[in-house]
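Enquirer: One structure coming up, written as structure tokens, with questions to follow.
The values are calculated or read from the model by the stated rules, or taken from the named source; none is laboratory data. Remember, it's a predicted structure, so these values are computed and weren't measured experimentally. Reconstructed Cβ throughout: ideal geometry from the backbone, glycine too, with neighbour counts over all protein chains shown.
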Amino acid sequence: MIAAITVGLAAAAAWYVLAPLWRAAPDEPHHESVERARLVRERETALRVLRDLALDHTTGKMSDADYEALRARQEAAAIEALRRLDAVDAASGAGAAAASPPAVREP
Amino acid sequence: MAGAASLGRFAVLAALVLVCYAIAAAVLGARVRRAELVASAVRALRGSAALLAAAALVLLVALATRDYTFQYVAAHVDDAQPLVYDLTAFWGGMEGSLLLWALVLAGYTLAAVRAVGRAQPELLPGVIVVLAAVAAFFLLMLTAVASPFATVPFAPLDGRGMNPLLLNPWMAIHPPTLYLGYVGLTVPFAIVIAALAAGPSAADGGVLLARRWMMWAWYCLSMGLWFGAKWSYVVLGWGGYWAWDPVENAALMPWLIATAFIHSVMIQERREMLTRWNVMLVILAFALSIFGTFLTRSGVLSSVHSFTQSPLGTLFLIFLGCAVVAACAIAAWRWEALRSRYELDAALSRESAFVLNNVLFLAIAFAVFLGTVFPVLSDVLTGRRVNVGPPFFDHVVPPIAVGLLVLMGVGPLLAWRRASAASLRRNFLAPGAAGTAVGAVLLAAGMRAPGPILVFALAGFVAGTIVLEFARGVQARQAMRGEPAPVALVALVARNRRRYGGYIVHFGMLLLLCGITGSSVFATQRVVTLAPGEAAAAGPYRVRYEGLEQTTAAGALTIGARLRVFDGAREAATLVAARNLYLNGRDATSSVALRSTPRDDLYITLVGWTPESGSGDAGGARVTLRLLVNPLVMWMWAGGLVLSVGAIVAMLPEARPRTVPVPAPAPALGAAAAPLAGEQAGQ
């Protein structure tokens with residue numbers, strides 16, 4: 001009985017693990033999707049840091065000059081990430097919905 | 001049942017085969033860029049996790065049914081043991097704890113593979129290889145050296161049961177929580193190593209991706225340490241919660257390194273600095289987690305927590321050496337690519353405070369490491385085993401911890417890049433006044449010990465900075481949106497969970513430090529022998545001994561001293577301090593009589609008893625009691641709870657920032673810059 005369970009388990013495990021090898025190859029993480037994930041991450045990080053900087057500045061922990069300098073750097077990073085995201089999405093022609101930037105509330 | 005044991009052994013062996021296959025498939029898949037091989041490796045890891053779950057189920061069933069044909073069950077269960085502790089015996093012994101480790105790692109592996117596959121898919125093969133390699137080591141141990149599925153041909157009539165000290169709810173949750181932390185450190189390690197292997201451009205993102213996993217591991221380690229301290233306090237009967245035991249230290253060291261990382265990674269996010277430093281912290285935290293496992297299982301240092309001496313220690317040391325050498329080699333390979341783009345702008349800045357904070361955390365970790373391994377070092381170097389013991393740690397660690405306390409208050413108020421004199425005056429005035437006021441009140445109240453006055457005054461200062469931070473954030477929201485203060489407070493925390501969760505954690509640490517200081521410096525104790533009806537004073541309490549009682553249950557004889565406790569003239573509690581004597585010959589244990597209040601704990605243990613001469617009545621016996629008054633201990637436990645709440649707030653995923661504050665974008669930037677325009681985010 002135990003031997004039968006063991007053999008059955010082994011066979012099931014082997015079938016499950018090896019199945020991808022004789023099926024149609026799944027989508028490899030293409031360079032575009034890897035690049036896209038990286039850019040989304042950079043954008044999210046830059047936006048969060050910008051938000052933190054704004055809070056620090058508003059609560060008086062940062063001089064105007066330093067705030068401007070740090071903000072400019074993060075803005076540049078965020079804008080660069082967005083620009084390249086646009087380029088990646090335009091090139092792939094897909095994922096536009098997922099790529100959509102954060103919703104904007106007009107001031 | 002031999003069949004079930006065979007099934008368990010097979011499941012572990014098959015899991016080992018699968019993780020080895022996963023390593024090969026992931027390496028090959030990455031080299032030949034065949035995604036189906038990587039997909040197959042992921043499936044192998046899932047299969048391995050399922051098999052380990054099956055193995056764990058086999059062991060749990062054997063424990064619950066008290067199947068003494070399993071050597072492990074016979075060693076850790078007996079007929080008198082409550083069922084719940086039969087189940088917790090799963091991690092009560094070396095073999096079961098290794099299986100738990102492997103099982104937890106399998107769960108983490110599945111979660112990490114899923115998360116990394118989504119966030120940074122190029123790291124997936126590397127993450128699989130590292131996690132599977134660590135799993136392979138543990139599974140090899142389980143297969144070849146310490147199998148929980150070893151059986152005997154003839155089952156004993158009864159098992160030996162667990163050490164009675166482990167039959168406690170705190171001990172039921174302490175080890176698995178600590179394991180979640182220890183094993184959790186493997187995931188950031190795997191991510192960082194995979195990022196280094198993937199290429200220079202991936203390293204930075206890898207370290208940032210590792211942050212969330214490190215935070216979780218840190219949280220579990222924190223809770224594991226807290227549960228362990230609570231167990232030590234209420235079960236061991238010595239009146240303390242931390243003994244600088246080697247195995248306790250082994251858990252503290254990775255916690256310290258993880259704490260340093262959680263702080264320094266913020267500089268990497270903000271200023272693109274310290275990537276190299278963060279990589280090394282992740283490697284160090286993982287190495288220390290394996291070192292802790294080595295300490296527990298090698299028998300090289302004596303500890304109340306360690307398992308018996310076994311050949312596992314040497315194997316762990318070899319594995320640790322290989323892992324550290326490989327990780328450092330790959331870090332060295334990418335060292336130039338990890339160079340920071342920027343440097344510190346000023347000595348007085350938030351960045352500098354974080355760097356100093358890291359140095360102090362590492363200094364404590366180094367001191368703890370040195371004190372822990374000193375007996376071994378002295379043995380190797382001089383042939384004499386010298387134990388430095390708690391006095392060493394008590395002298396070295398507190399001054400550094402005070403430095404960290406200062407930074408806990410100063411850091412959040414310093415500006416990024418450089419702090420101006422005007423901002424320092426503005427930011428430090430109120431918290432400084434709060435700290436000074438606390439110090440003055442304590443002096444006026446008659447406290448003269450400089451150390452505790454300094455700690456409590458600094459705690460007042462740090463608490464002031466935290467309150468100021470919350471107040472300013474709330475004011476900013478109110479100014480921007482006109483929200484009522486409670487709404488503004490909730491929204492502020494919800495929109496900035498990491499920051500304000502961190503402040504809540506700091507507040508929890510303050511409570512912890514105050515509790516530790518109060519109970520370490522001001523604790524008093526006395527040993528008294530009393531006849532029935534006699535009383536003794538202990539601090540503000542008077543303890544009257546009423547008589548001895550005797551009960552038997554579950555293979556134990558319990559001798560208890562009935563006590564009435566008076567706080568001033570008021571009767572505060574009726575307590576029983578007892579000794580438990582075990583019929584199977586195990587060492588006797590204490591049941592502590594404990595009365596906790598925010599002011600202090602009255603902690604009483606029964607040391608011994610002497611029957612009245614000529615009297616056969618046990619109730620008339622004289623008893624010897626140890627009476628301890630430990631001030632502020634309840635604050636320490638409360639601090640752990642607050643820390644837990646703060647950590648959960650900080651770990652909750654933050655809402656994607658909808659808008660950020662920038663001026664109107666230049667026309668040339670067009671749509672790409674649109675998301676950056678808008679209202680003050682986070683306000």
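Enquirer: Only one residue in B:PHE392, B:PHE361, B:PHE374 is assigned to a helix (DSSP H, G or I) and within 26 Å of B:ALA190 (Cα to Cα), so which one is that?
Expert: B:PHE361
Enquirer: If we scan the range B:201-209, do we find a residue that is farther than 26 Å from B:PHE374 by Cβ, of a type in the set (Ser, Thr, Tyr), out of contact with any strand residue (DSSP E or B) (no Cβ under 7 Å at 6 or more places or on another chain) and at pLDDT below 95?
Expert: For the range B:201-209, residues farther than 26 Å from B:PHE374 by Cβ, of a type in the set (Ser, Thr, Tyr), out of contact with any strand residue (DSSP E or B) (no Cβ under 7 Å at 6 or more places or on another chain) and at pLDDT below 95: present.
Enquirer: Of all residues in the range B:336-355, which are more than 15 Å from A:ASP66 (Cα to Cα) and surrounded by 15 or more Cβ atoms within 10 Å (Cβ to Cβ)?
Expert: B:ALA337, B:LEU338, B:SER340, B:SER352, B:ALA353, B:PHE354, B:VAL355
Enquirer: Can you pull out the residues in the range A:66-79 that are in contact (Cβ under 8 Å) with a residue 24 or more places away in the chain and either out of contact with any Leu (no Cβ under 8 Å at 6 or more places or on another chain) or within 7 Å of chain B (Cβ to nearest Cβ) (or both)?
Expert: Listed by number, the residues that qualify are A:GLU75, A:ALA77, A:ALA78.
Enquirer: Scan B:VAL455, B:VAL487, B:VAL505 and give me the residue that is without any contact (Cβ under 8 Å) to a residue 12 or more places away in the chain, in a helix (DSSP H, G or I) and not assigned by TED's automatic domain parsing to the domain that holds B:GLN268.
Expert: Exactly one residue qualifies, and that residue is B:VAL487.
Enquirer: Considering only residues of the range B:149-205 that are part of a loop (DSSP other than H, G, I, E, B) and under 20 Å from the mean Cα position of the chain (by Cα), which is farthest from B:CYS328 (Cα to Cα)?
Expert: B:ASN168
A quick yes/no check of all residues on (1) outside the structural domain of B:SER201 (by TED's automatic domain parsing); (2) closer than 30 Å to B:ALA332 by Cβ; (3) of a type in the set (Val, Ile, Thr):
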| position | (1), (2), (3) |
| --- | --- |
| B:ALA217 | no, yes, no |
| B:LEU221 | no, yes, no |
| B:VAL234 | no, no, yes |
| B:TRP244 | no, no, no |
| B:ILE262 | no, yes, yes |
| B:ARG271 | no, yes, no |
| B:LEU274 | no, yes, no |
| B:VAL282 | no, yes, yes |
| B:PHE294 | no, yes, no |
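Enquirer: In addition: For residues that are over 27 Å from A:LEU70 (Cβ atoms), free of Cβ contacts under 8 Å to residues at least 60 places away in the same chain and under 31 Å from the mean Cα position of the chain (by Cα), scanning just the range B:395-433, find the one that is farthest from the other protein chains (Cβ to nearest Cβ).
Expert: Among them, the one singled out is B:HIS395.
Enquirer: Which of the residues spanning the range A:49-74 are farther than 13 Å from B:TRP416 by Cβ and surrounded by 22 or more Cβ atoms within 10 Å (Cβ to Cβ)?
Expert: Of everything in the range A:49-74, just one residue is farther than 13 Å from B:TRP416 by Cβ and surrounded by 22 or more Cβ atoms within 10 Å (Cβ to Cβ), namely A:ARG51.
Enquirer: Right, something else. Could you grab the pairs with beta carbons closer than 8 Å, sequence gap of 6+ or different chains, first residue in the range A:40-65 and facing chain B (nearest Cβ under 7 Å), second one of a type in the set (Ser, Thr, Tyr)?
Expert: A:ASP56/A:TYR67; A:GLY60/B:SER423; A:LYS61/B:SER423; A:MET62/B:SER423; A:SER63/B:SER420; A:SER63/B:SER423
Enquirer: Related question: Restricting to the range B:513-530, give me the number of residues that are of a type in the set (A, V, I, L, M) and closer than 19 Å to B:LEU643 by Cα.
Expert: Here the count works out to 2.
Enquirer: Given the conditions (1) surrounded by fewer than 21 Cβ atoms within 10 Å (Cβ to Cβ); (2) more than 14 Å from chain A (Cβ to nearest Cβ); (3) at pLDDT below 95, report the number of the one that B:ALA536 does not fulfil.
Expert: Result: B:ALA536 fails condition (3) only.
Enquirer: Also: Please work out which residue is nearest to the other protein chains (Cβ to nearest Cβ), limiting yourself to the range B:178-226 and to residues that are farther than 23 Å from A:ALA81 by Cα and of a type in the set (Ser, Thr, Tyr).
Expert: Checking each candidate, the answer is B:TYR219.
Enquirer: If B:TRP335 satisfies every condition in (1) within 30 Å of B:GLY205 (Cβ to Cβ); (2) outside the structural domain of B:SER201 (by TED's automatic domain parsing) but one, which is the exception?
Expert: (2)
Enquirer: Does B:VAL152 qualify as being under 16 Å from B:VAL38 (Cβ atoms) and either aliphatic (A, V, I, L, M) or in the same structural domain as B:GLY93 (by TED's automatic domain parsing) (or both)?
Expert: no
Enquirer: Is it the case that some residue within the range B:613-625 is part of a helix (DSSP H, G or I) and touching a Gly at 6+ places or on another chain (Cβ under 8 Å)?
Expert: Looking through the range B:613-625, at least one residue is part of a helix (DSSP H, G or I) and touching a Gly at 6+ places or on another chain (Cβ under 8 Å).
Enquirer: Being over 20 Å from B:GLY464 (Cβ atoms) and not assigned by TED's automatic domain parsing to the domain that holds B:MET273 narrows it down to one of B:ARG385, B:ARG341, so name that one.
Expert: B:ARG385
Enquirer: In the list B:VAL662, B:VAL607, which residue meets the criterion of being under 26 Å from B:ARG497 (Cβ atoms), touching a Lys or Arg at 6+ places or on another chain (Cβ under 9 Å) and either at pLDDT 75 or above or not in a helix (DSSP H, G or I) (or both)?
Expert: Exactly one of B:VAL662, B:VAL607 is under 26 Å from B:ARG497 (Cβ atoms), touching a Lys or Arg at 6+ places or on another chain (Cβ under 9 Å) and either at pLDDT 75 or above or not in a helix (DSSP H, G or I) (or both), namely B:VAL662.
Enquirer: Tell me the residue from B:ARG211, B:ARG160 that is within 21 Å of A:LEU39 (Cβ to Cβ), in contact (Cβ under 8 Å) with a residue 12 or more places away in the chain and surrounded by fewer than 23 Cβ atoms within 10 Å (Cβ to Cβ), please.
Expert: Just a single option satisfies the conditions, and that option is B:ARG211.
Enquirer: Considering B:ALA5, B:ALA35, B:ALA11, B:ALA39, which residue is within 14 Å of another protein chain (Cβ to nearest Cβ), within 25 Å of B:ARG114 (Cα to Cα), touching a helix residue (DSSP H, G or I) at 6+ places or on another chain (Cβ under 8 Å) and touching a residue at least 24 places away in the same chain (Cβ under 8 Å)?
Expert: B:ALA11
Enquirer: Now, a different point. With respect to B:ARG418, is the statement that it is surrounded by 14 or more Cβ atoms within 10 Å (Cβ to Cβ) and either more than 17 Å from B:HIS506 (Cα to Cα) or not assigned by TED's automatic domain parsing to the domain that holds B:ILE453 (or both) true?
Expert: yes
Enquirer: Based on what the data block shows, is B:VAL397 at pLDDT 95 or above and outside the structural domain of B:LEU288 (by TED's automatic domain parsing)?
Expert: Taking the combined requirement at face value, the residue satisfies it.
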